[in-house]
Amino acid sequence: MTSPSNAPTELSCWRIERDADATCWLALDRPDSGTNTLSRTVMQELDQALDAIAAASATGLVIWSAKPGGFVAGADINEFPAMRSAEEAAALVREGQRILARIEALPCPSVAFLNGSALGGGLELALATTWRLGLATLQGPCLGLPEVQLGLHPGFGGTVRATRLLGARRALELMLTGRAITLAEAVRWGLIDSTANLQTWRDDARALLRTPRPRRRVSPLDTLLGLAPVRSWLARSLVRQTRKKADPRHFPAPYALIELWRAHGADGAGAYEAEARSFAGLAVTPTSRNLVRAFFLKERLKRLAGRATRPAQRVHVVGAGVMGGDIAAWCAAQGLEVTLQDRELKFIEPALERAARFFARRHADDPAGLAEVQRRLRPDVNGDGLATADVVIEAIFENLEAKRALWRDVERRARADCLLATNTSSITLEDIGSILADPARLIGLHFFNPVTRLPLVEVVHAPGTRAPALQNGLAFARQIGKLPIACRSHPGFLVNRILAPYLAEALSLAQEGVPLAAIDAAATDFGIPIGPVELADTVGLDVVLHVARIMAPIIGRPVAPVLEQMVAAGHLGQKTGRGFYVYQEGRAVKPHGPTVFTPETQDRLVFALLNEAAQCLAEGIVGDADLVDAGVIFATGFAPFRGGPLQHARSVGIDAVIRRLEELTARHGVRFAPSPGWQKLRTM
């Protein structure tokens with residue numbers, strides 16, 4: 001192969017080669033990144049490369065990634081904060097549309113070889129080519145248009161091209177959910193035309209270039225759905241369905257996407273221009289800004305994990321309750337050999353049954369993978385796995401003396417280089433580790449329930465914790481696909497510490513006679529995914545009571561008598577079928593229809609949480625304000641469109657927050673007294 005004689009020599013991200021039959025091979029390889037993304041520079045150079053390809057009278061174009069295992073991960077999100085106005089954002093996406101339209105308008109056919117994930121702008125690039133060739137060995141969800149997760153929708157023509165190719169039903173599903181699909185799904189949908197392996201993909205790409213251009217494959221039903229009157233009817237239905245999952249005040253992007261389709265039906269030049277204007281309007285909203293911020297917080301947690309001294313291969317979990325069993329199942333699902341210990345096999349069997357259901361969902365179309373992951377999780381009543389484990393995780397019930405007794409035995413039987421970790425949710429490492437011969441080995445690995453859904457793990461360290469132990473804990477959490485955050489040992493650590501006054505205020509409201517559903521509605525209206533009363537029921541009122549007793553002197557709030565009464569009566573929440581709510585088929589029974597709450601109710605909940613977040617900042621529970629926000633977002637789902645509690649306080653104005661806390665203090669007592677952390681936040 002040779003480079004076209006007129007190829008620009010200044011390209012740093014793209015490489016152009018031409019073979020004997022005038023096929024041009026255009027490879028993307030960003031030199032400053034391990035992942036290909038569509039930065040401004042990448043797009044500008046793509047424009048130049050297309051000039052050279054057009055001048056070379058190419059007979060075909062193949063676009064591929066020179067980075068092994070990846071195509072294009074999407075637009076360069078690092079450039080999003082630089083879009084200061086809707087006008088600037090519109091100009092940027094119009095330019096992207098223009099460049100991708102050049103690929104679509106080439107006089108020769110084109111192929112995108114997707115040898116890895118193609119997401120967002122990366123998939124939009126592939127949609128502009130004539131054919132899409134997928135690497136046959138791609139595993140897991142790898143193709144999607146996830147822009148809605150950043151408060152946006154596709155902007156480089158994806159709303160139009162995806163709908164034209166797939167039909168409205170599948171295209172809207174892809175864009176409204178933001179979920180990625182597997183290669184097999186993409187083939188069934190017609191998003192991928194053919195598959196190839198690494199040995200033959202060039203020949204397969206040439207074969208596609210020789211194939212007559214495909215005709216549109218939209219079904220008659222999708223053709224019908226594209227008619228304007230039908231679109232209007234279906235759009236109203238989509239809006240009603242979307243409202244059940246996303247409040248339009250907080251998440252405008254899905255509604256903007258539906259409106260684009262209703263108004264234009266992915267037809268004509270006006271659809272592209274409307275897409276550009278809509279994208280630009282969304283890009284400068286607080287929702288999108290904060291969702292992008294949450295993305296950066298997630299990436300920061302990934303980077304903070306660093307590397308382990310030695311990656312773990314074997315994990316031993318002690319305690320087969322809900323948390324311990326689910327931690328064990330999760331570790332096995334991530335490829336580790338796991339032994340699960342409890343007093344008798346009968347206590348382990350329910351955990352294995354839950355794990356089997358979890359594995360079956362993950363490997364529904366992969367019998368061999370299912371058999372392998374089931375093999376990796378083994379019951380171990382005698383604790384034989386302690387002798388060979390790289391990591392031991394204790395996840396028994398929250399009782400200090402029980403934990404101490406267990407750790408005496410674990411330290412004696414575990415390898416000297418084994419990482420020792422407790423999943424305690426509220427007890428300090430100093431208290432647990434005081435009986436160890438070498439307490440500097442012990443860290444906390446605090447998972448959140450449900451383990452399979454909540455990504456955060458608090459990696460807890462005491463003043464005497466050995467640095468390699470902390471580093472290995474952070475790296476282990478990342479190895480198993482979690483987001484680690486380093487927390488100073490303190491009752492409740494970060495997340496439970498911040499939630500404690502929020503839950504306590506909810507119970508105070510309940511004792512004052514505020515309807516339970518109104519309390520929960522006040523929280524969910526703010527954007528918290530589950531109300532505090534239902535959250536307490538879900539966690540288990542016995543667990544909440546235990547944590548409340550530990551946290552009471554820390555947060556200056558006595559344990560609510562109603563909580564003591566409920567636990568004494570055996571009403572422990574969802575797991576017993578009755579707590580504050582009655583549960584039918586696992587769901588809380590609540591009044592039908594809209595629930596009215598007062599602004600005061602919402603403020604008491606929200607400002608209790610905000611004030612404790614500031615207090616955690618003041619006490620240095622984590623390193624800085626961004627880490628406080630990251631912990632709360634990724635452990636609780638706290639209103640990501642608000643950017644986290646401290647970011648929300650900044651947007652409201654710190655002075656305004658302090659004034660409101662002073663008003664609440666005057667009305668309800670010193671528990672609302674403004675934290676010194678607000679003054680610290682001013683300086684950051």
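The values are calculated or read from the model by the stated rules, or taken from the named source; none is laboratory data. Since the model is a prediction, treat every value here as computed from it, not as a measurement. With ideal geometry, Cβ positions are generated from the backbone for all residues, glycine too; neighbour counts draw on all protein chains shown.
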Q) Where in segment 78-165 are there strands (runs of 3 or more DSSP E), lying fully within it, with 2 or more residues that are of a type outside the set (G, A, S)? A) 110-114, 131-135
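Conditions (1) part of a helix (DSSP H, G or I); (2) free of Cβ contacts under 8 Å to residues at least 60 places away in the same chain; (3) closer than 23 Å to F634 by Cα; (4) of a type outside the set (A, V, I, L, M), marked per residue:
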residue: A235; (1), (2), (3), (4): yes, yes, no, no
residue: Q241; (1), (2), (3), (4): yes, yes, no, yes
residue: H250; (1), (2), (3), (4): no, no, yes, yes
residue: S278; (1), (2), (3), (4): yes, no, no, yes
residue: V338; (1), (2), (3), (4): no, yes, no, no
Q) Of all residues in segment 428-473, how many are more than 28 Å from the chain's Cα centre (by Cα) and in a strand (DSSP E or B)? A) 1
Q | Identity of the residue in segment 630-649, among the hydrophobic types (A, V, I, L, M, F, W, C) and assigned to a loop (DSSP other than H, G, I, E, B), that ends up surrounded by the most Cβ atoms within 10 Å (Cβ to Cβ) | A | F638
Q) Which one of these does T422 not meet: (1) in contact (Cβ under 8 Å) with a residue 40 or more places away in the chain; (2) within 26 Å of the chain's Cα centre (by Cα)? A) (1)
Q: Give the number of residues within segment 556-565 that are in a helix (DSSP H, G or I) and surrounded by 20 or more Cβ atoms within 10 Å (Cβ to Cβ).
A: 1
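Let's see how each residue does on (1) surrounded by 21 or more Cβ atoms within 10 Å (Cβ to Cβ); (2) free of Cβ contacts under 8 Å to residues at least 12 places away in the same chain; (3) among the basic types (K, R):
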| site | (1), (2), (3) |
| --- | --- |
| R314 | no, no, yes |
| G319 | yes, no, no |
| I327 | yes, no, no |
| A332 | yes, no, no |
| K346 | no, yes, yes |
| P350 | no, no, no |
| R362 | no, no, yes |
(Q) Looking at F296 and the list (1) hydrophobic (A, V, I, L, M, F, W, C); (2) buried (at least 18 other Cβ atoms within 10 Å of the Cβ); (3) at pLDDT 95 or above, which single condition is not satisfied? (A) (2)
Q: Collect the residues in segment 569-626 that are in a helix (DSSP H, G or I) and more than 29 Å from the chain's Cα centre (by Cα), keeping them in residue-number order.
A: T576, P599, E600, T601
(Q) Being assigned by TED's automatic domain parsing to the domain that holds T177, more than 20 Å from M175 (Cβ to Cβ), crowded, with 17+ Cβ neighbours inside 10 Å and under 34 Å from the mean Cα position of the chain (by Cα): is that true of W201 here? (A) yes
Q: Note down all Cβ pairs under 7 Å where the first residue falls in segment 17-29 and is assigned to a loop (DSSP other than H, G, I, E, B), the second is modelled with pLDDT of 90 or more and of a type outside the set (A, V, I, L, M, F, W, C), and they're at least six residues apart or on different chains.
A: D21/T59; A22/S57; A22/T59; D29/R15; D29/K67
Q) Which condition number in (1) assigned to a helix (DSSP H, G or I); (2) touching a residue at least 40 places away in the same chain (Cβ under 8 Å) is the one that V42 fails? A) (2)
**Q.** S110 vs. criteria hydroxyl-bearing (S, T, Y) and surrounded by 24 or more Cβ atoms within 10 Å (Cβ to Cβ)
**A.** yes
Q | Boolean, R413 is in contact with a helix residue (DSSP H, G or I) (Cβ under 7 Å, 6 or more places away or on another chain) and surrounded by fewer than 23 Cβ atoms within 10 Å (Cβ to Cβ) | A | yes
Q: Consider A55 carefully, then state whether it is over 29 Å from the mean Cα position of the chain (by Cα), at pLDDT below 95 and closer than 26 Å to P31 by Cβ.
A: yes
**Q.** The lone exception for P252 - which of (1) modelled with pLDDT under 95; (2) touching a Ser or Thr at 6+ places or on another chain (Cβ under 7 Å); (3) under 23 Å from P645 (Cα atoms) it fails
**A.** (1)
Q.
Considering only residues that are in contact with a Phe, Trp or Tyr (Cβ under 7 Å, 6 or more places away or on another chain) and either assigned by TED's automatic domain parsing to the domain that holds L541 or assigned to a strand (DSSP E or B) (or both), which ones fall in segment 395-427?
A. L419
